[in-house]
Amino acid sequence: MSPKKRDGGKRLSGNPQRREQQLASRNPVKTGRPDAASWARELSIEDRWSFGDLARRLAGWAPAMPWWAQSHDRVIKSFLDQPVPERPVDIETRACTAVGDEFYARLNSGDTGLAPAQWLRALVEETGARLQVAIAFGADDWRPLAAFLRGLAGIAPEHEADPDFPDIKFPRETAAACLAAAAKSLADAGLSSTVLAPDEEDGWVPGDAVVARDAYGSRFLLAVPFSSGEAPGPGDHWYTWDVDSCWLVTVVGAGAFGSAEDALTEWRDAVGTTAADARLSPCPGELAAWLLEPSARSGPLGEMLAGGEHRELIREYFRSRRRGQLVLGSLPGEGQEAAPVFAAEIDTAPFVDWYAGQHADAPLPGKFRKQAAETAGFLLDAWGPHEHPAEETVYSCSPHRVEMLGRLVRDDYLPKEGNAVLALLPDWVQWCADRAGLPAALAAPALEAARAEAANPVSDDHGPGDEGGDGAPFRRKEL
């Protein structure tokens, strides 16, 4: 039995993986039903156009908006206004700043039609066109334009093409074509430029990942060395992701560093005291995949923004996805990966046994245990991510994770089931703290947060979003 939701259980999950499963389950393929082509023939011309437009948008297409041209002009001018760095990674970082600052401004401007992938693709095309003109006329700005194009190529994520819409172009393929055209024009003009290297085949190669986690076990630093060449070397630089798993598995910070130690120092300061003793250690492939897969996806669902992202994260919006794709592509195949742990499948019987022991004086013990087991199942449905690389991560219980559960329960559940979950929450947090071996100094804030959520019950007049904000501030300090 699942809890009664405010919309009859039809609300789409905020978890991209669960949302895809929900959408698939709502549109089952049934034998004997007409296929899409047959169904489309029965539509009016107007409906066919609308259906075709929707299908193209879902495949990654978006129409250019009138304000894109000025937006792209600001980005290019921002890059050209400063001297071009020498190292490719520094060129990428400058490109990230120019692109990200404009992207951030548009996100907060109220402008409509900011489709990230197609907006970036159009910027790449404009940069390539200006570079061709500069080469043809011998203008002095061809070198910084070539550097910017190389930087855009480095940060552009890869998108899976839809075979039904082969004409849709994406940033990475567009950048490769523009670079090839620029290289030919430079050769024809008797010019050369090192900023067009490395080529696609000699791009960034990830090395062995290392990871650190805070004392609660729900905040992670993933650091990967990247070198330029066909095989991983000592590392030209390190790229890192600050990942918060208190609600969804969410990248809340990212960037390039000179060393893993520099990244660790910066991350400890961002997380706070719970990361003071964190150390880097080799990262298992299944953990790296769990941390990166949600943010490395392309397409409408993968590229959705939660809202509230800070400027520094938006600056890395494209590059963090591309670097994540490179790391995921270097991991062992599926046959060598450990099976994920699904929170909903965790055996709650040990907790129910413990919980019943804590309330041995409860009347009707059999009914008490049955209700506790049912409520524990409801709780797990809202307890952070649904998929984990190991069971131990299910029991991480930071105050942030506790607060997110309270928010989700008040948004999604009717009072009867929701308040039962909130009433159970302090005991659940104590159980998780014991299982995780949390010291008393860390368990106390989590229990305090659980009691505060239990004291804020679900009400009939509460609606989703009534508490304001998204409840998941980016790069928050855990204590």
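List of remarks:
- Any hit, region 119-126, residues being at pLDDT below 95 and of a type in the set (Lys, Arg): no
- For region 263-293, the set of residues classified as open to solvent by 60 Å² or more (accessible area, probe 1.4 Å) and in contact with a Ser or Thr (Cβ under 9 Å, 6 or more places away or on another chain) consists of Glu266 only.
- Residue within region 337-360 that is of a type in the set (A, V, I, L, M), open to solvent by 60 Å² or more (accessible area, probe 1.4 Å), without any contact (Cβ under 8 Å) to a residue 12 or more places away in the chain and more than 15 Å from Trp241 (Cβ to Cβ) present: yes
- Qualifying residue in region 140-155 (condition: part of a loop (DSSP other than H, G, I, E, B) and of a type in the set (A, V, I, L, M, F, W, C)): no
- Search result, residues across region 73-100 that are open to solvent by 40 Å² or more (accessible area, probe 1.4 Å) and over 24 Å from the mean Cα position of the chain (by Cα): Asp73, Arg74, Lys77, Ser78, Leu80, Asp81, Gln82, Pro83, Val84, Glu86, Arg87, Pro88
- Single match in Arg143, Arg106 (criterion: within 20 Å of Glu316 (Cα to Cα) and at pLDDT below 95): Arg106
- For first residues located in region 181-192 and farther than 13 Å from Leu145 by Cβ, partners that are part of a loop (DSSP other than H, G, I, E, B) and lie 6+ apart or on another chain with Cβ distances below 8 Å form the pairs Ala189/Gly138.
- Residue match in region 427-441 (condition: of a type in the set (A, V, I, L, M) and in contact with a strand residue (DSSP E or B) (Cβ under 8 Å, 6 or more places away or on another chain)): no
- Residues in region 317-362 that are outside any helix (DSSP H, G or I) and in contact with a His (Cβ under 7 Å, 6 or more places away or on another chain) were compared, and the one that is modelled with the lowest pLDDT is Pro340.
- Whether a residue is modelled with pLDDT of 90 or more, open to solvent by less than 60 Å² (accessible area, probe 1.4 Å) and on the phi < 0 side of the Ramachandran plot was assessed, and Leu301 does not pass this test.
- Pair list, Cβ under 7 Å, 6 or more apart: region 259-271 residue within 19 Å of Gly217 (Cβ to Cβ) and without any contact (Cβ under 8 Å) to a residue 24 or more places away in the chain, other residue surrounded by fewer than 16 Cβ atoms within 10 Å (Cβ to Cβ) and not basic (Lys, Arg): Arg268/Ala276
- Within region 106-130, the set of residues being outside any helix (DSSP H, G or I) and open to solvent by less than 60 Å² (accessible area, probe 1.4 Å) comprises Ser109, Gly113, Leu114, Ala115.
- Taking region 306-334 as the range and being within 15 Å of the chain's Cα centre (by Cα) and among the basic types (Lys, Arg) as the test, the residues that pass are Arg315, Arg319, Arg321, Arg322, Arg323.
- Single condition Phe103 does not satisfy, out of (1) under 22 Å from Ala62 (Cβ atoms); (2) open to solvent by less than 40 Å² (accessible area, probe 1.4 Å); (3) part of a loop (DSSP other than H, G, I, E, B): (3)
- Flag if Leu222 is modelled with pLDDT of 95 or more, open to solvent by less than 50 Å² (accessible area, probe 1.4 Å), part of a strand (DSSP E or B) and hydrophobic (A, V, I, L, M, F, W, C): yes
- Failed item, numbered, when Pro144 is tested on (1) more than 30 Å from the chain's Cα centre (by Cα); (2) over 17 Å from Phe79 (Cα atoms); (3) not charged (D, E, K, R): (2)
The values are calculated or read from the model by the stated rules, or taken from the named source; none is laboratory data. Computed from a prediction, not measured in an experiment: that's the story for all the values here. Methodologically, a virtual Cβ is constructed for each residue, glycine included, from the backbone with ideal geometry; neighbour enumeration extends over all protein chains shown. Heads up: the accessible areas ignore ligands, DNA and RNA and are worked out on the full protein's heavy atoms, side chains in. Shrake-Rupley method; radii C 1.70, N 1.55, O 1.52, S 1.80 Å.
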